[in-house]
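A.B. asks: Next up is a structure, given as C-alpha cells.
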Amino acid sequence: MSKKPEASKKTEASKKTDDVFVGSIDQGTTSTRFIIYDRSARAIGSHQVEFTQFYPEAGWVEHDAMEILESVRVCMAKALDKATADGHNVDSGLKAIGLTNQRETTLVWSKSTGCPLYNAIVWMDVRTSSICRKLEKELSGGRTHFVETCGLPISTYFSALKLLWLLENVDNVKEAVKSGDALFGTIDTWLIWNLTGGVKGGIHVTDVSNASRTMLMNLKTLEWDNPTLKTLGIPAELLPKIVSNSEIIGKITTGWPITGVPISGCLGDQHAAMLGQACRRGEAKSTYGTGAFILLNTGEEIIRSTHGLLSTVAFKLGPKAPTNYAIEGSIAIAGAAVQWLRDSLGIIKSAKEIEDLALQVESTGGVYFVPAFNGLFAPWWRDDARGVCIGITRFTNKAHICRAVLESMAFQVKDVLDSMHKDAGEKGEVKNEKGEFLLRVDGGATVNTLLMQIQADLLGSPVLRPADIETTALGAAYAAGLAVGIWTEKEIFAGEERAKIATTFQPKLDEELRKKKLDSWFKAISRTFDLADLSL
C-alpha cells in the first residue's frame with residue numbers, strides 16, 4: 001500500500017481526489033471479492049470469500065445463487081470496514097460500483113418471490129451434450145449454424161443450451177415460464193436485479209459482453225436475435241435488456257452494506273480483464289483463473305475464426321461509444337487443475353505449494369498432463385475428451401506431476417495463441433520494436449513465477465505481468481468510473497506508466513526442445529478424444 005501524504009501538506013484539490021472511490025464486485029467461478037479503488041486506481045480495501053461448488057453428477061457443475069448473493073454482501077461489508085479502518089472516508093467518497101462476473105453461468109428465478117427455480121448451471125457444465133448433438137443434426141448449419149449471427153459454435157459452454165435444459169427438465173421453470181413469472185439471467189443479471197430492488201422493482205439487465213456469450217445476441221446489432229430465439233424456442237420475455245459496459249444502470253437499494261451508489265459498469269470477467277489490461281486493437285491478454293481465457297482486441301471489426309476460436313464483443317464503453325470486438329480462445333481447466341491436486345488428490349496442501357514442488361525437478365520427466373476434465377474448449381471443441389496423464393514411469397514422482405500440471409496451462413494457452421496468430425494475421429497484431437508479440441497476463445495463477453517463465457518458453461515470445469494482477473476487478477472499476485466522470489478513456493488506456501512497473505518474462509528455451517515438447521503435447525491431446533463413455 002502506498003504511503004499516505006501528511007495531512008498538513010495536503011492541498012484542497014488532493015483532499016477532494018483522495019475522497020473519491022470506486023467499488024468493484026468481482027464474482028468469479030469459485031470465489032467472490034469486493035475491491036475498493038481510489039482515484040489513482042490503487043486498491044485500498046478488499047475482501048474475498050470462497051463458495052460451494054456442487055457436482056451432482058459426472059460433468060455437472062452447479063452454484064447456489066443465494067449463497068453467491070450472500071458472498072457479495074459479506075465481501076462488501078468487510079472491504080468497507082477494512083478501508084474505513086485504514087482511514088479512508090469511503091462512506092461519503094464511494095461514487096460508483098462496477099460489476100464483473102463468471103460468464104455463461106445460467107440462472108432462472110421467480111419474479112414474484114425472488115427465489116432461484118434451480119441452482120445456477122456453471123459455464124463448464126456439460127449436461128447439455130445431448131441437446132448440442134440433437135441441434136447439430138437438426139439444423140442446416142450443424143455445429144456452426146449460429147456462428148454468422150452470434151460468433152459462437154453450438155457447445156455446452158454457452159448459456160442458451162443451459163437455458164434449454166432448464167426449460168425441458170425442470171418443472172418449476174416450465175410452470176414459471178407459463179405463468180409469466182420467470183426471469184433468465186447470467187450472474188451479472190441476477191446480482192444487479194437483487195442490488196437494485198429485487199422483487200420490489202429490481203432492474204432486469206445484462207451487458208453486451210455477457211449477452212455475447214449466450215448464443216442469443218446478434219453481434220452486429222447488439223440485440224437479442226429473434227430468428228435464433230424462434231429456432232431454439234426461447235421466449236423473448238424471459239430475457240433481460242442489453243446495455244453497454246459503461247453507463248449508469250441503477251442505484252443500490254436499501255438493505256445492502258452500500259446504498260444509493262450507482263452501478264455504472266458491468267462486464268463479463270474476461271472483457272473486464274481486457275479493459276483492466278488496457279488492451280487496444282491488436283493487443284492480447286491471457287487471464288489465468290479457474291480456466292484460462294485469451295482475448296485479442298480486433299477493434300471495430302468482427303473477425304470470423306477459421307481455427308477454432310470465438311468471435312465476441314470486447315467492450316463498448318458507453319451507449320454511444322463504438323463497439324470493440326475480440327477473438328477469444330477459452331480453456332476450461334487451468335487453475336482448477338491446481339485445486340484438483342489440492343482438494344481431490346491431496347498432493348499439495350495449498351495452491352502456493354505447487355511452485356515449490358515443481359521447482360524440485362528440472363523437467364516433467366516425460367510426463368504430459370491434459371486436464372480435459374469436462375472436455376476440451378478452444379481450439380479443439382471436443383466435449384468427448386477426458387483428462388489424461390501420460391508418460392508415467394517408476395521414476396515419476398509428485399514433483400513431476402506438479403510441473404506437468406503447470407505446463408498443461410501454458411501448452412493450452414500456446415495452442416490458442418497459435419490459432420489467434422493465424423486468424424488475425426500480421427496486420428491484426430501489435431508487435432514490439434523487436435518484432436515480438438507481447439502477451440499480457442493476469443489472474444491469480446500469475447503469481448506463480450515458474451508458470452510465467454514456462455509460458456514465455458513455450459511461446460518463444462515475452463510475457464508481461466502487471467504489478468496489479470487483479471485486472472478483472474480493475475476493469476470493472478474503470479468502466480464504472482468512466483461512466484460517472486472519475487476517469488477518462490485516455491487515462492485508462494495510458495499504458496506507459498503501467499509498463500514501467502510490470503515484470504517481463506523472456507523465453508529461454510532452445511527452439512529445438514520447444515518443438516519437441518509441442519509435438520509430445522499434441523500426442524497427449526490426441527489421447528484424450530472419445531473417452532467420455534468411460535464414465536458410464
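The values are calculated or read from the model by the stated rules, or taken from the named source; none is laboratory data. Given the structure is predicted, the values throughout are model-derived calculations rather than measurements. As a convention, Cβ positions derive from the backbone with ideal geometry for all residues, glycine included, and neighbour counts pool all protein chains shown. Please note that ligands, DNA and RNA were not included when accessible areas were found on the heavy atoms of the full protein model with its side chains. Shrake-Rupley method; radii C 1.70, N 1.55, O 1.52, S 1.80 Å.
A.B. asks: How many angstrom separate the Cα center of the range 21-56 from the Cα center of the range 145-187?
C.D. replies: What the calculation gives is 27 Å, centre to centre.
A.B. asks: Based solely on C-alpha atoms, express the radius of gyration and the Dmax of the range 15-135 in angstrom.
C.D. replies: Rg and Dmax of the range 15-135, Cα atoms, are 17.9, 62 Å.
A.B. asks: Whole-Hz ³J(HN,Hα) for each residue in the range 207-223, computed from phi via Karplus 6.51 cos²θ - 1.76 cosθ + 1.60 with θ = phi - 60°, x for glycine and proline: what do you get?
C.D. replies: Coupling constants for the range 207-223: 10, 4, 6, 5, 4, 5, 9, 8, 5, 10, 9, 6, 4, 7, 8, 6, 10 Hz.
A.B. asks: Compute the distance from the alpha-carbon center of the range 224-263 to that of the range 106-143, in whole Å.
C.D. replies: Result: 19 Å between the Cα centres.
A.B. asks: Return the Rg/Rh ratio of the range 226-283 with Cα-based radii and a Kirkwood Rh.
C.D. replies: Ratio value, two decimals: 1.12.
A.B. asks: Cα centroid distance between the range 364-438 and the range 271-305, in Å?
C.D. replies: Their Cα centres are 18 Å away from one another.
A.B. asks: Would you mind giving the average projected area, over all directions, of the Cα convex hull of the chain in nm² with one decimal?
C.D. replies: Taking the Cα atoms of the chain, their convex hull projects to 24.8 nm² on average.
A.B. asks: Sort 399-407, 470-478, 219-227, 76-84 by packing, meaning the average of other beta carbons within 10 Å per residue, with the highest value first.
C.D. replies: Ranked by mean Cβ neighbours within 10 Å, highest first: 470-478, 399-407, 76-84, 219-227.
A.B. asks: How many Å² of accessible area per residue for the chain, probe 1.4 Å?
C.D. replies: Roughly 40 Å² per residue, with all protein chains present.
A.B. asks: What relative contact order, as a whole-number percentage, does the chain give when Cα pairs under 8 Å and 6 or more residues apart are counted?
C.D. replies: 14 percent
A.B. asks: Along the charge dipole of the chain, pointing to its positive end and built from +1/-1 on Cβ of Lys, Arg, Asp and Glu, which listed residue (L222, Y118, G460) has its Cα farthest out?
C.D. replies: So the residue furthest toward the plus end is G460.
A.B. asks: Then there's this: Quote to one decimal, in nm, the extra length available between R394 and R527 on full extension: 0.36 nm per residue of separation minus the C-alpha distance between them.
C.D. replies: Extra length from R394 to R527 when fully extended: 45.8 nm.
A.B. asks: Kindly count the pairs of lysines across the range 184-339 whose alpha carbons are less than 28 Å apart, treating pairs on different chains or eight or more residues apart as eligible.
C.D. replies: 16
A.B. asks: Give me a comma-separated list of calculated 3J(HN,Hα) values for the range 284-291, in order, Karplus coefficients 6.51, -1.76, 1.60 applied at θ = phi - 60°, integers in Hz, x for any Gly or Pro.
C.D. replies: Using θ = phi - 60°, the values come out as 10, 9, 10, 9, 9, x, 4, x Hz.
A.B. asks: Which whole DSSP H helices in the chain pass both tests: a Cα extent of 27 Å or more along the axis and a mean Kyte-Doolittle value no lower than 0.5?
C.D. replies: Taking the DSSP H segments of the chain (at least 27 Å long, mean hydropathy at least 0.5), we get 65-85.
A.B. asks: Does the range 142-195 classify as rounded, prolate or oblate by the C-alpha gyration tensor (a ≥ b ≥ c root eigenvalues; a/c under 1.5 gives rounded; else a/b over b/c gives prolate, otherwise oblate)?
C.D. replies: Oblate is the answer for the range 142-195, as a/c is 1.5 or above yet b/c matches or exceeds a/b.
A.B. asks: Shape of the range 164-289 from its Cα gyration tensor (a ≥ b ≥ c, root eigenvalues): rounded if a/c is under 1.5, otherwise prolate when a/b > b/c, or oblate?
C.D. replies: Oblate shape, in that a/c is at least 1.5 and b/c is the bigger or equal ratio.
A.B. asks: Starting from the Kirkwood radius over alpha-carbon pairs of the range 246-314, derive D by Stokes-Einstein at 20 °C in a medium of 1.002 mPa s and give it in µm² s⁻¹.
C.D. replies: Using the Kirkwood radius from Cα pairs, D works out to 150 µm²/s.
A.B. asks: Tell me, what % of the accessible area of the chain is carbon and sulfur with a 1.4 angstrom probe?
C.D. replies: After summing per-atom areas, the C and S share lands at 51 percent.
A.B. asks: Express as a percent, rounded to the nearest 5, the fraction of DSSP beta bridges in the chain (both residues included) that run antiparallel.
C.D. replies: Rounded to the nearest five, the antiparallel share is 70 percent.
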